[in-house]
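To keep things clear, I will list the structure first and then write my remarks on it.
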There are 2 protein chains.
Amino acid sequence: MQLFLAHIDGQKFQLDAAEVNHCVRVLRKKTGDQIFFISGDGNLYEGTIQLITKSVVGGSYKISQKSWGAVPYELTVAIAPTKMMDRMDWFVEKAVEMGVSHIIPILCDRSERKVVKQDKLEKKVLSAVKQSLKGKLPKISPMVHFDRALEEAQGAVAIAHCEQTERMAWPAFFQQNSGPLTIFIGPEGDFSPNEILRAQEAGAHSVHLGGSRLRTETAAIAAVAMVYGHHLGE
Amino acid sequence: MQLFLAHIDGQKFQLDAAEVNHCVRVLRKKTGDQIFFISGDGNLYEGTIQLITKSVVGGSYKISQKSWGAVPYELTVAIAPTKMMDRMDWFVEKAVEMGVSHIIPILCDRSERKVVKQDKLEKKVLSAVKQSLKGKLPKISPMVHFDRALEEAQGAVAIAHCEQTERMAWPAFFQQNSGPLTIFIGPEGDFSPNEILRAQEAGAHSVHLGGSRLRTETAAIAAVAMVYGHHLGE
């Protein structure tokens, strides 16, 4: 299915500016044609094109399917972006396919990467949402400091790290907690002991992701896949 | 930890030819130095270098740790390699990090990629094994036809596909089956109905990986991560 991103205003839709060229010049859509689009709110919409200009495609719409491709969980991943950006890109794509709700790039004591290109990650999110057939657009935040992400963390909060302190297996943690979940994934050199301490003081639970030494993006994708897998029967 | 690959012959070890340069020219190891190595059999070894020539590094060894980084499951993934080879490379790296035992590239009715570079995948396997600290080197087979992989499949066999037939959730399947597991993951356009039929006739169970339309390599990684996650507490 060819799927577009559009904005809804009352009874009308308007394609996202970045989608106009593909719709009109590549797919040669005309006034009167039907298209499917998402607005990011969770629904799949069917639109009828009524207006085409050089920079605008708009028209009327109806809801085709509510909560399209929705997953029965709300999972936020706060992650220190990897030094090699393609690894972070890859994580974003896979996590969106598996229904992550929110990704927060975080700046940690041992972060090797201190900036991310927000717009590039947003494009990754959009293409993965379209590819995996979902109506809800996951949120991707601008990079924030570890402490701020901790302060604002939603629901049951876990921090995955490799320090030999008392840690619960991540699946045991999320199976014990209903409602929104947040997991913190550290940089290549792990969270610092002080960060782990601050997280614990803020109420985050220490968790582990098994005995293998996983790369940052592998740990994050494994954490998402385990939650995804846990809800497969539903 | 700097980790090498070596071959063992009786009481002596010899570094893999591809490792010699790194050991001698880059790390400047000398006769009498200790090194850690794996041979792929599951153990971590500690070697003492006794001989260095232009192309050979060898010496005596002892076992440092048995079943080093071992996982408590045996999982084979038979997968149709993706059209874009970097996606297959990613899968191999991540699957090895999470303890996959064996990867079999398969040729399917709808395969877009009909050849893979075996030696390039073997290098990926080795570097992921070293990175994730494991003594056992997962096997990566040369590409075989779907039917042959099916014929030779070990243990409880599942085929993941998107056809709307009766399918069990993958976690339900592997939780019901102890011993070796094999999962078949299809190409971008899914297995053909005829392949699914042949798999079922050969005793494979149809499974699903949830409602999201996952890319081939995402499906495969998700399948591995779920098994990895299931055994985290052990």
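Overview of results
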| read-out | value |
| --- | --- |
| Accessible area buried between chains B and A, both sides summed, probe 1.4 Å, in Å² to nearest 100 | 2700 |
| Computed accessible area, A:R25, all protein chains, 1.4 angstrom probe, square angstrom | 110 |
| Rounded, prolate or oblate (a/c below 1.5 giving rounded, otherwise prolate when a/b exceeds b/c) for chain B by Cα gyration tensor | prolate |
| Cα→Cβ-extended label distance, 7 Å offset, between A:Q118 and B:N21, nm | 4.5 |
| Phi-based couplings in Hz for the range B:35-46 (Karplus 6.51, -1.76, 1.60; Gly and Pro marked x) | 9, 9, 8, 10, 10, x, 8, x, 8, 9, 10, 10 |
| Calculated diffusion of the range A:1-104, Stokes-Einstein form, Kirkwood radius summed over Cα pairs, 37 °C and 0.692 mPa s, µm²/s | 213 |
| Computed helical MRE - 222 nm, chain A, DSSP H runs ≥ 4 contributing -39500 (n - 2.57), nearest 500 | -8500 deg cm²/dmol |
| Complex-versus-alone comparison for the range B:95-138, residues with a loss of 50 Å² or more in accessible area, probe 1.4 Å | B:E97, B:Q131 |
| Per-residue average of Cβ from other chains inside 10 Å of B:149-155 | 0 |
| Estimated dipole of the range B:1-43 in Debye, rounded to 20 [Cβ of Lys and Arg +1, of Asp and Glu -1, Cα centre] | 280 |
| Solvent-accessible area, 1.4 Å probe, carbon plus sulfur percent, for chain A | 49 |
| Where the range A:160-218 is the region considered: accessible area per residue in Å², 1.4 Å probe | 45 |
| At R0 = 45 Å, FRET efficiency that the Cβ-Cβ distance of A:A70 and A:T31 yields, to 0.05 | 0.90 |
| Antiparallel content of DSSP bridges confined to chain A, in %, to 5 | 45 |
| Probe 1.4 Å, protein heavy atoms only - accessible area per residue of the range B:25-109 in square angstrom | 42 |
| Length gained when the stretch B:D109-B:M85 is fully extended (0.36 nm per residue, less Cα-Cα span) | 6.8 nm |
| Highest-fluctuation residue, A:K130, A:K30, A:K83 considered, GNM on chain A with Cα pairs under 10 Å | A:K30 |
| Accessible area of B:C162 in the full protein assembly, 1.4 Å probe (Å², nearest 10) | 90 |
| At R0 = 45 Å, FRET efficiency that the Cβ-Cβ distance of A:A172 and B:T48 yields, to 0.05 | 0.60 |
| Cα centroid separation - the range A:25-91 against the range A:148-190, whole Å | 30 |
| Three-way shape label, the range B:172-234, alpha-carbon gyration tensor, a/c 1.5 | oblate |
| Complex-versus-alone comparison for the range B:210-229, residues with a loss of 50 Å² or more in accessible area, probe 1.4 Å | B:S212, B:R213, B:R215, B:T218, B:M226, B:Y228 |
| With DNA, RNA and ligands ignored, accessible area of B:K139 (1.4 Å probe; Å², nearest 10) | 120 |
| Dipole magnitude of the range B:1-131 about its Cα centre (Cβ charges: Lys, Arg +1; Asp, Glu -1), debye to nearest 20 | 380 |
| Beta bridge orientation in the protein assembly as shown: antiparallel %, DSSP, nearest 5 | 45 |
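The values are calculated or read from the model by the stated rules, or taken from the named source; none is laboratory data. Please read all numbers here as calculations on a predicted model, not as lab measurements. Counting neighbours? That spans all protein chains shown, and the Cβs are built from the backbone with ideal geometry, glycine included. Accessible surface is based on the protein model in full, side chains and every heavy atom, while ligands, DNA and RNA are left aside. Shrake-Rupley method; radii C 1.70, N 1.55, O 1.52, S 1.80 Å.
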